[in-house]
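Remarks on the structure that follows.
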Amino acid sequence: MGNSPYLLYIYTSFQERATCISHGNTARLAKHHGENSLAQICGTIASEEKRHETAYTKIVEELFKIDPDGTVSAFADRMRKKKITMPGVFMYDGNDDNLFQNYAAVAQRLTVYTVKDYVDILEYFVERWNVEKLTGLYGEGRRAQDYVCGLGQRLR
């Protein structure tokens, strides 16, 4: 698969949905704590991320129509080997080598973005892209379909 555009669009669909969720959750927390300006900013970012997600999700839908075997194989490859990591994983403040891991732990604890959100997103795309209903797949495509369709349950 290498760095195929399939991998890119699958990653971006997932990443945009994840950032929409995290910014939306941050907006709700900010509003709850009386930080209305922050809530508005985060809400605006979340809605922009949602628009991006919609575009990338539609691109992947088209890829599934054109090349179901290649697309489901890319989806499995992305989830199995390459994973979905947020761009923030590269954050560095010059001091803390674990800055992103520490941030992620706080985000999990505050329910800004959780492991459950990750699994929910995976299952959302399996359903949205009708991965379980794909037919006519060949060997690798069928194995990829089985892997992706069962992954959410294994992660829960």
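Counting the residues of segment 118-146 that are more than 13 Å from T57 (Cβ to Cβ), open to solvent by 50 Å² or more (accessible area, probe 1.4 Å) and not small (G, A, S) gives 10.
Evaluate segment 53-76: report whether one residue or more is farther than 25 Å from V126 by Cβ, open to solvent by 20 Å² or more (accessible area, probe 1.4 Å), in a helix (DSSP H, G or I) and among the hydrophobic types (A, V, I, L, M, F, W, C). No - not one qualifying residue is present in segment 53-76.
The set of residues in segment 1-52 that are in a helix (DSSP H, G or I), touching a residue at least 60 places away in the same chain (Cβ under 8 Å) and either of a type in the set (G, A, S) or touching a strand residue (DSSP E or B) at 6+ places or on another chain (Cβ under 8 Å) (or both) comprises S13, A18, S22.
The number of residues in segment 101-119 being under 16 Å from Q15 (Cα atoms) and in contact with a Ser or Thr (Cβ under 9 Å, 6 or more places away or on another chain) comes to 4. For segment 81-127, filtering for residues that are part of a helix (DSSP H, G or I) and either touching a residue at least 40 places away in the same chain (Cβ under 8 Å) or not aromatic (F, W, Y) (or both) leaves 28. Put simply, of V115, V131 the only residue that is out of contact with any Lys or Arg (no Cβ under 8 Å at 6 or more places or on another chain) and closer than 22 Å to A27 by Cα is V115. Look at (1) at pLDDT below 95; (2) farther than 19 Å from F14 by Cβ; (3) not hydroxyl-bearing (S, T, Y) and you find that D69 fails only one, number (1).
The values are calculated or read from the model by the stated rules, or taken from the named source; none is laboratory data. These figures come from a predicted structure and were not determined experimentally. Every residue, glycine as well, gets a Cβ built from its backbone with ideal geometry; the counts of neighbours run over all protein chains shown. Calculation scope for accessible area: heavy atoms of the full protein, side chains included, ligands and nucleic acids excluded. Shrake-Rupley method; radii C 1.70, N 1.55, O 1.52, S 1.80 Å.
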